[in-house]
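For reference, the structure discussed in these notes is given below.
The values are calculated or read from the model by the stated rules, or taken from the named source; none is laboratory data. Please read all numbers here as calculations on a predicted model, not as lab measurements. Glycine gets a Cβ as well: all are built from the backbone with ideal geometry, and neighbour counts include every protein chain shown.
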Amino acid sequence: MTSILLVLPVPIRNIGGELWFESQAANGLDRWAENFASVVVAAPTIPEHVLAERSSWQWVPCSQLMHAKRITLLELPWAYSPRNFFAHRGQVRQLLRRQIAQCQYLQFAVGGLFGDWASTAALEAHGMGRPFAVWTDRVESEVVRITASEKSGARKHLTLLYAELMRRYERYVIRRAHLGLFHGAETFQAYSHLAKFPFLTHDIHTKSTDLISEPDLVQKQRNASDPKRPIRIGYAGRATPMKAPLDWLGVLAGLSGMDVIYEAAWAGDGELLEHMHTFINEHSLENQVTLKGFVSDRAEVLAFLRSCDVLLFTHITPESPRIILEAMISGTPVVGYTSGYVEEIIPPSDQDLLCKIGDVERLAETVASLASDRTKLVAAMRRAREVGMSFNDDAVFKHRSDLIKQYLA
């Protein structure tokens, strides 16, 4: 019987003894169970007082998973401080060693420092002589380093030190991996030289049925081709520093300065949402820009993305966000900051819709050019859908599972 041990950073929620999992990650567990007879998942249990920071997460009871009988969840301590991490480390190592010995295949979603039980599991497996796979979707140490710019004084220096320790630790762990599964070109470029067998993979939780239909795409193109209609600009995600929402709004302010007629909406909550409201008021954008807040229904999010003419993308950290693929399956071209991951996904004909990180003025000019050239806009919609046809959860999880079975046998 094929069995796999997954050590994940996505937390478990324990409500009166019943275990719950974040909805998209729960979908991933079912996809793993379609490729392995037994799935063992070890993840930290989130304290209830921390949940307020994750108000946008949707939880599902693990008992309701399609393959619940073949999925076992193991609760690990929430230990994201040095004190808690070292207090629990010995106990967790013993638990992980037992599971590593029992499971046929091993995949660890590494990233972090204190509280990163996946990296702990990787080092235990290495010590036991067991080949394992690592998976990651962003360069975590670089994300921390870049976001340190939001701080000052001693806090900034401490964050930069933490980022450097993370950088060394993640490389130490990945060098010991037999198989490296790196989501997106950004992480692949950063880590591929470290693992024995590195592969570029993807991670998405949309279904093949989520792809915008041909009739809906044609109608979307017809609507967008009207030069008198405002160009519709959107984004869906949390308003956090790594997504530079004030750059996003800066682009819109630039469009207003060029007298471009547009409608824009951001769907999502986050720590910078109040700053966004302030920016909108200060720049008199209330009539053009809507902050929709958190949208819990994934179908509603996809409907929103399909309603957009373009996805305005202003991420400033090296990661592989699923929103790019979700835009593609929605027939919505991406206009935004460039990165290895975005360049990998975006069709060659649309690379001119990307610009270097931080160039708000150039990004505004690019959106304005699409607003004035509707033929180019509707053609980009078609190309986006063509890219999106290749991505769905069944395909990406089977790809990763096949690589694990091949290289960790």
- Query: If you check every pair at least six apart or on different chains, which have Cβ atoms under 6 Å apart with a residue in the range 101-122 that is within 20 Å of Leu160 (Cα to Cα) and in contact (Cβ under 8 Å) with a residue 12 or more places away in the chain first and a residue that is among the β-branched types (Val, Ile, Thr) and not in a loop (DSSP other than H, G, I, E, B) second?
  - Reply: Val110/Val134; Val110/Thr136; Val110/Val173; Gly111/Thr136
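Okay, residues lined up against (1) outside the structural domain of Glu22 (by TED's automatic domain parsing); (2) surrounded by 23 or more Cβ atoms within 10 Å (Cβ to Cβ); (3) among the small types (Gly, Ala, Ser):
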position: Ala303; (1), (2), (3): yes, no, yes
position: Tyr341; (1), (2), (3): yes, yes, no
position: Asp350; (1), (2), (3): yes, no, no
position: Arg374; (1), (2), (3): yes, no, no
- Task: Considering each of Ile324, Ile357 in turn, give the residue that is among the aliphatic types (A, V, I, L, M), under 22 Å from the mean Cα position of the chain (by Cα), in the same structural domain as Leu217 (by TED's automatic domain parsing) and crowded, with 23+ Cβ neighbours inside 10 Å.
- Result: Ile324
- Query: Name the pairs whose Cβ atoms lie under 8 Å apart, with the first residue in the range 68-79 and farther than 14 Å from Cys103 by Cβ, the second of a type in the set (Asp, Glu), and 6 or more positions between them or separate chains?
  - Reply: none
- Tally of residues being outside any loop (DSSP other than H, G, I, E, B), farther than 24 Å from Glu343 by Cβ and free of Cβ contacts under 8 Å to residues at least 40 places away in the same chain across the range 135-170: 13
- Message: Regarding the range 254-262, can at least one residue be identified that is out of contact with any helix residue (DSSP H, G or I) (no Cβ under 6 Å at 6 or more places or on another chain), touching a residue at least 24 places away in the same chain (Cβ under 8 Å) and of a type in the set (Ser, Thr, Tyr)?
- Response: yes
- Pick out the one residue from Ile100, Ile46 that is touching an Asp or Glu at 6+ places or on another chain (Cβ under 7 Å) and surrounded by 15 or more Cβ atoms within 10 Å (Cβ to Cβ). Ile100
- Limited to the range 1-29, what total is found for residues that are part of a helix (DSSP H, G or I), free of Cβ contacts under 8 Å to residues at least 40 places away in the same chain and farther than 22 Å from Ala122 by Cα? 1
